[in-house]
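Read through the structure below, which is laid out as structure tokens, and then see the notes.
The values are calculated or read from the model by the stated rules, or taken from the named source; none is laboratory data. Everything numeric in this text was worked out from a predicted model, so none of it was measured. Please note: Cβ atoms are built from the backbone with ideal geometry, for glycine as well, and neighbour counts cover all protein chains shown. Ligands, DNA and RNA are excluded from the accessible area calculation, which covers all protein heavy atoms including side chains. Shrake-Rupley method; radii C 1.70, N 1.55, O 1.52, S 1.80 Å.
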Amino acid sequence: QVQLVESGGGLVQAGGSLRLSCAASGRTFSTYALGWFRQAPGKEREFVAAIRSSGGSTYYSNSVKGRFTISRDNAKNTVYLQMNSLNAEDTAVYYCAAGASGVTSRSGGYDYWGQGTQVTVSS
């Protein structure tokens with residue numbers, strides 16, 4: 001069982017930056033692939049970024065590539081999402097997720113989810 005708790009969301013102006021954190025419980029954190037997803041009002045949840053259990057490979061959606069960076073610290077049981085050059089289209093609730101089956105952009109491929117943290121970008 002893994003419990004995930006996101007933090008770091010808030011209100012930021014367009015062009016600004018935020019860093020989201022997701023702290024996990026459980027001794028097997030380092031064996032899970034981790035992902036970030038987001039859901040804007042009236043829209044489906046969408047993939048943002050993912051990282052392998054080893055941290056050696058990262059994956060991004062086209063909409064955030066070059067602006068967002070996912071990283072993990074297995075010693076701290078934490079995954080991060082550094083978000084730069086934010087724009088209004090990035091406004092959403094951001095969720096972290098952990099999966100035992102390997103990295104994927106599919107939400108169904110993740111076993112555990114956090115409660116989400118709101119990111120609002122003002123234009």
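For the chain, the solvent-accessible area of protein heavy atoms averages 50 Å² per residue (probe radius 1.4 Å; ligands and nucleic acids excluded). Label zone (residue 39, point 7 Å along Cα-to-C-beta; backbone nitrogen cut-off 14 Å) within the stretch 83-100: 92-97. Whole-Hz Karplus values for the stretch 109-123 come out as x, 10, 9, 10, 9, x, 8, x, 9, 7, 10, 10, 10, 8, 9 Hz, taken residue by residue from phi with 6.51 cos²θ - 1.76 cosθ + 1.60 and θ = phi - 60°; glycine and proline positions read x. The HN-Hα couplings worked out from phi for the stretch 55-60 by the Karplus form 6.51 cos²θ - 1.76 cosθ + 1.60 (θ = phi - 60°) are x, x, 10, 10, 9, 9 Hz, whole numbers, x standing for Gly and Pro. To put it simply, the accessible area of the stretch 39-123 at a 1.4 Å probe is 43 percent carbon and sulfur.
Under the simplified labelling scheme, the residue 19-residue 76 pair shows an inter-label distance of 0.7 nm, with each label point 7 Å from Cα along Cα→Cβ. Beta bridges assigned by DSSP with both partners in the chain are antiparallel in approximately 90 percent of cases.
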